[in-house]
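The structure appears below as structure tokens.
The values are calculated or read from the model by the stated rules, or taken from the named source; none is laboratory data. Remember, it's a predicted structure, so these values are computed and weren't measured experimentally. Cβ sites come from the backbone with ideal geometry, for glycine too, and all protein chains shown count toward neighbours.
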Amino acid sequence: MNASLTAVRLSQFALRFIVIVSFTAAILSLLLWLEGDFDRESLLAHNRLRDNPAIVALFRAVTRFGMSAICLLLLSSVIASYRFPALRPARPVLLVVLFAFSAATLIGELLKELLGRARPITDLAGQLNAAGRHGSPSFPSGHAAKSLALALPFVFIVPAGSAVMRIVKLALIVVASLVCYSRIVLGAHYLSDVVAGAALALACIPIAVAAANGVYARGRVTPEKLDSVVKRLTVVLLALTFGLPFL
């Protein structure tokens, strides 16, 4: 690829890590589903938490606004990059984030319909103290896949050269992890659903990197032209920030 054009680099170590962990998580999620007992027991063990209205309210807020919080962290990093040079590598990754999120959303919905796993509230009727009702199939967890797809491209691709960047990465991981855990606390998903969502999010990263580099190459996006592209992408991310809580 022409060195004068914008390109996103995923290191060989990161790529190997993503492939291995994604494959392992996918197999683990299927084994947990097939074995069943650990899935059920881990979910029922959270019934005591669901008896606490404050905990339920907290994790409902995490479920509803967690992905928006991730979007705000990404937006803040991109905006701050115009003032702080250490944050500039975050700019081209924004397209990767949006591609990964789109792929995780589409593939996740397709897998839900193909596999048709019933929600825990259906399988564990009378045993599960679930906080809320859910109409779509259960496997994989859409919240887990989408929140991690928003956070992990930034974590794996942007160099952690400064303390600020390390703090942003840690915040992204913490918020995405809380979104994943909230689905179990609320009784919306089994552990296997959440693990499958994580596997899907990881698998989407190399695909999103290749797609973003293809767009940058076809559009002959130079570092100078990247600014106008990033401004349009921030509008999309801003729309997601305000729209995701209502989807």
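Computed quantities for the displayed model
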item	result
Set PRO159, PRO153, PRO137: member being under 23 Å from VAL21 (Cβ atoms) and not in a helix (DSSP H, G or I)	PRO159
Checking ALA61 against (1) more than 30 Å from ALA210 (Cβ to Cβ); (2) surrounded by 19 or more Cβ atoms within 10 Å (Cβ to Cβ); (3) among the small types (Gly, Ala, Ser), the condition it does not meet	(2)
ARG119, sole failed condition from (1) buried (at least 19 other Cβ atoms within 10 Å of the Cβ); (2) under 20 Å from ALA14 (Cα atoms)	(2)
Among (1) out of contact with any Phe, Trp or Tyr (no Cβ under 8 Å at 6 or more places or on another chain); (2) within 16 Å of TYR190 (Cα to Cα); (3) among the charged types (D, E, K, R); (4) surrounded by 13 or more Cβ atoms within 10 Å (Cβ to Cβ), the one test that ARG40 misses	(1)
Filter result (modelled with pLDDT under 90 and hydroxyl-bearing (Ser, Thr, Tyr)) within region 205-230	THR222, SER228
Only listed residue being farther than 17 Å from VAL96 by Cα and in contact with a Ser or Thr (Cβ under 8 Å, 6 or more places away or on another chain), chosen from SER162, SER182	SER182
Residue tally, condition more than 22 Å from LEU226 (Cβ to Cβ), among the basic types (Lys, Arg) and at pLDDT below 90, over region 49-90	1
Test: residue in region 119-127 that is under 21 Å from ILE173 (Cα atoms), of a type in the set (A, V, I, L, M, F, W, C), out of contact with any Cys (no Cβ under 8 Å at 6 or more places or on another chain) and in contact (Cβ under 8 Å) with a residue 40 or more places away in the chain	no
Residues within region 76-101 that are touching a Cys at 6+ places or on another chain (Cβ under 9 Å) and surrounded by fewer than 16 Cβ atoms within 10 Å (Cβ to Cβ), tallied	0
